[in-house]
1. Please compute the per residue accessible area over the chain with all protein chains in place, 1.4 Å probe, rounded to a whole number of Å².
2. If R0 is 22 Å, what FRET efficiency do you get for T33 and D105 from their C-beta distance, rounded to 0.05?
3. Counting only protein heavy atoms and using a 1.4 Å probe, what share of the accessible area of the chain belongs to carbon plus sulfur, as a whole percent?
4. Using heavy-atom solvent-accessible surface (probe 1.4 Å) with all chains present, what is the largest-first order of R30, R122?
5. Magnitude of the Cβ-charge dipole of the chain, K/R +1 and D/E -1, about the Cα centre, nearest 20 debye?
6. For the pairs K81/K126; K57/K126; K68/K134; K28/K129; K61/K81, note any where the Cα-Cα span goes beyond 27 Å.
7. Tell me, what is the 1.4 Å probe accessible area of T58, in Å² to the nearest 10?
8. Can you give the accessible area of I9 in Å² (nearest 10), computed on protein heavy atoms with a 1.4 Å probe?
Amino acid sequence: MTKVWLGGIYFKEEGGYEIILKALNHYKKRLKTLNDSPELKDSAAMFASVLNQQARKTVPKINETIEKIEKNLDIFQNTNKLQEDIPFFEKALTCYEADIHKAEDTGYEYFIKLVGDMAKARTDLKLIKTALDKINQFSEES
């Protein structure tokens, strides 16, 4: 029995790639503006330096992943190449989701600016939930 990644169908045929790309771009923006985050300002200086170091390593991976998505959308079979990036997609989606909630709940200008159009972001919450579910779906084939 082989497993077929149903997330590939969601990605290409259902337009799931759009919310994933949006989340990846948000994640990149978040990492690039980490020094402005109210959460980081409350942490110890040593911790902030470690986070910034990790952010500098992660941004190029985000760029590579965005490029990989854009290159592999043309042919359905190629979307299976994206399967290995599921944990990274989840990280970007949950980051975007958390920042939307922080913008709503805290009202911090940093999160509001980071998220942008709050009305659109609220509709993205449902898309994020769907994406998190669908990118993890597999079917068994014999």
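1. That works out to 58 Å² for each residue.
2. Values: r = 19 Å, r/R0 = 0.86.
Given R0 = 22 Å and the Cβ-Cβ separation, E is 0.70.
3. Result for the chain: 53 percent of the exposed heavy-atom area is carbon or sulfur.
4. Numbers: R30 20, R122 120 Å².
So, going from the largest accessible area down, we get R122, R30.
5. Approximately 400 debye in magnitude.
6. K57/K126
7. 30 Å²
8. Accessible area of I9: about 60 Å².
The values are calculated or read from the model by the stated rules, or taken from the named source; none is laboratory data. Quick caveat: nothing in here was measured; it's all calculated off a predicted structure. Ideal geometry is used to build each Cβ from the backbone, glycine not excepted, and the neighbour counts take in all protein chains shown. Heavy atoms of the whole protein, side chains included, go into the accessibility calculation; ligands, DNA and RNA do not. Shrake-Rupley method; radii C 1.70, N 1.55, O 1.52, S 1.80 Å.
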